[in-house]
Amino acid sequence: MTRHFTPSPRHGRASIVPPLSARRLTHGAVDAIRILLAAVFLFAGAAKLIGLPLVAAPDHLTPMNDWIPRAVGAAQVVGGFLLGVPRMSVIGAMLLMLAMSGVAAMQALTGSGTVLPILGMVYLCAVMMIER
């Protein structure tokens, strides 16, 4: 481990300051991704719960009832909130992975949209689970 010597402003002597460890930087990056994912899922879930037309699937493309997007939106809001709380982030990531895997399977079976962005979110949730 390399040590850096910097002059102490208090005593004028050299003091040993350890450099930032790679583990600490990794935790910072994981926490930043966790907060960003929590915000994305909170906003997307809230939009589904409100019923905004941009996030609601067209009726002619998906043969589903009106309650399914609202259930997915509720799962996204709860999962996003849990993902934002550090001690509950694993439970939130598992809930979001379950919900988003179901959405990806439904979109793949009906052909109503692309699955790659959803699988990217599932992958990021899996990273959140592994890093905790």
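Overview of results
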quantity	calculated
Test for Leu36: is it of a type in the set (A, V, I, L, M) and modelled with pLDDT under 90	no
Selection from the stretch 4-33 of residues that are modelled with pLDDT under 65, among the basic types (Lys, Arg) and either surrounded by 10 or more Cβ atoms within 10 Å (Cβ to Cβ) or in a helix (DSSP H, G or I) (or both)	Arg23
All positions within the stretch 80-112 that are surrounded by fewer than 17 Cβ atoms within 10 Å (Cβ to Cβ) and in contact with a Ser or Thr (Cβ under 9 Å, 6 or more places away or on another chain)	Thr110, Ser112
Top-ranked residue in the stretch 102-132 [being of a type outside the set (A, V, I, L, M) and within 12 Å of the chain's Cα centre (by Cα); ranked as nearest to Ala75 (Cα to Cα)]	Cys125
Residue in the stretch 84-94 that is part of a helix (DSSP H, G or I), more than 19 Å from His27 (Cα to Cα) and at pLDDT 85 or above present	yes
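The values are calculated or read from the model by the stated rules, or taken from the named source; none is laboratory data. Only a predicted model underlies this, so the values are computations on that prediction, with no experimental measurement involved. For neighbour counting, all protein chains shown are included, and Cβ atoms are generated from backbone atoms with ideal geometry for every residue, glycine included.
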